[in-house]
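Bear in mind these aren't lab numbers, they're just calculated from the coordinates by the rules spelled out. The shown structure was predicted, so the numbers you read here are calculated from the model rather than taken from an experiment. Virtual Cβ from ideal backbone geometry, glycine too; neighbours counted across all protein chains shown.
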Amino acid sequence: MEVVILPTYEEMSRAAAEVVADQLNTKPNAVLGMATGSTPLGLYQELVRMHREEGLDFTQVTTFNLDEYVGLRPEHRQSYHYFMHENFFKLVNMSPGNIYIPSGTTSNYRSFCDWYERRIKECGGIDVQILGIGSDGHIAFNEPGSSLTSRTRLKTLAKSTIDDNARFFETPSDVPIYAITMGVGTILEARTLLLIASGKNKAQAVAAMIEGPVTSMTTASALQLHPSAIVFLDESAASDLKMRDYYDWVRKKKPDAPQV
Ligand code: PGA
């Protein structure tokens, strides 16, 4: 796992966007895994800027989102469909037929989840999966206790996640209790994982993910099992790391390493 600590949220977002842009420049028809939440907003804004000012092209790109709330229609302002269209898809030149987001309103969740898994494979698998981390250490909505081999499925959200997400809803009772989410096993099949985290309220989960044991109690710790995982942190998200000096040392020495 490569751990990169940057002074600010803006620098972290720009560095993460560079990874995505490099992927699109080498493979214009790449498959991207998309995440929602406050954290990736800066990354999406930077990709939109690159599209407008540098011609970064999304016409051949396919995207798969990690998750969606159960019960929210795509036009609901708190749905992840709405979030993605408002904050990213409508601002770049994606082909609408290449956008996949789990359905929160299907009549058959099991068959929808099976289809979603199949569709990822049929599209060639995910090249770069963008991830955030929950304060409980989740990736996507894989709450503590989720199997590290889990696939796309319906999940009951943890109380702490419902509380974290209440800020987006009018009243806490409006926050959905269930979500449809890619599994940890689904996420681990992406060729590169790109996790971003910002702020002090993520510091404990980030330390558990990087320096703790691999455990379903912190599903983000499954990144330790992945051969190509990059974690971008801002200073406050990195504040509980014990090996901080080592990560900075590795980053400083990387440009001089022999080319592999
Ligand atoms: P956040 O959510 O970016 O809104 O903090 C991250 C997550 O729960 O994965």
Taking Rh as the Kirkwood radius computed over alpha-carbon pairs of the stretch 88-177 and applying Stokes-Einstein at 10 °C with viscosity 1.306 mPa s, one gets a diffusion coefficient in µm² s⁻¹ of 103
Just to confirm my numbers, what's the Cα centroid distance between the stretch 219-241 and the stretch 1-36 in Å? 14
The base-10 log of I(q)/I(0) that the Debye equation returns for the stretch 75-132 at q = 0.20, 0.24 Å⁻¹, one scatterer per C-alpha, is -0.99, -1.25
Sort I162, I130 so the one with the fewest other Cβ atoms within 10 Å of its own Cβ comes first. I162, I130
Net charge near N65, counting Lys/Arg +1 and Asp/Glu -1 over other residues with Cβ under 14 Å of its Cβ? -3
Against the 2.2 N^0.38 Å scaling, with N counting residues, where does the chain land? I'd like the Cα-based Rg ratio to two decimal places. 0.96
Rounded to the nearest 5, the percent of antiparallel DSSP beta bridges in the chain equals 30
What is the list of residues in the stretch 109-149 whose amide nitrogen lies under 13 Å from a point 7 angstrom out from the Cα of F168, following Cα to Cβ? 132-134, 140-141
A student applying the Cα gyration tensor rule (rounded when a/c is under 1.5; otherwise prolate if a/b is larger than b/c, oblate if not) would label the stretch 130-216 oblate
Taking the chain, the lysine pairs whose C-alpha atoms sit under 29 Å apart (8 or more places apart or on different chains) add up to 24
Using 0.36 nm per residue of separation minus the Cα-Cα distance, give me the extension gain between E11 and L225 in nm, one decimal. 74.4 nm
Any residue on another chain or 5+ positions along whose placed amide H is under 5 Å from the amide H of A140 is listed here as G132
Global form of the stretch 217-258, assessed from the alpha-carbon gyration tensor, a/c cut-off 1.5: oblate
For the stretch 1-130, shape from the Cα gyration tensor axes a ≥ b ≥ c, cut at a/c of 1.5 then a/b versus b/c, turns out prolate
Would you kindly give the portion of the calculated P(r) for the stretch 1-58 that falls above 15 Å, as a percent of all Cα pairs? 51
Burial ranking of peptide ranges 153-159, 59-65, 241-247, 135-141 (average Cβ count within 10 Å, highest at the top): 135-141, 59-65, 153-159, 241-247
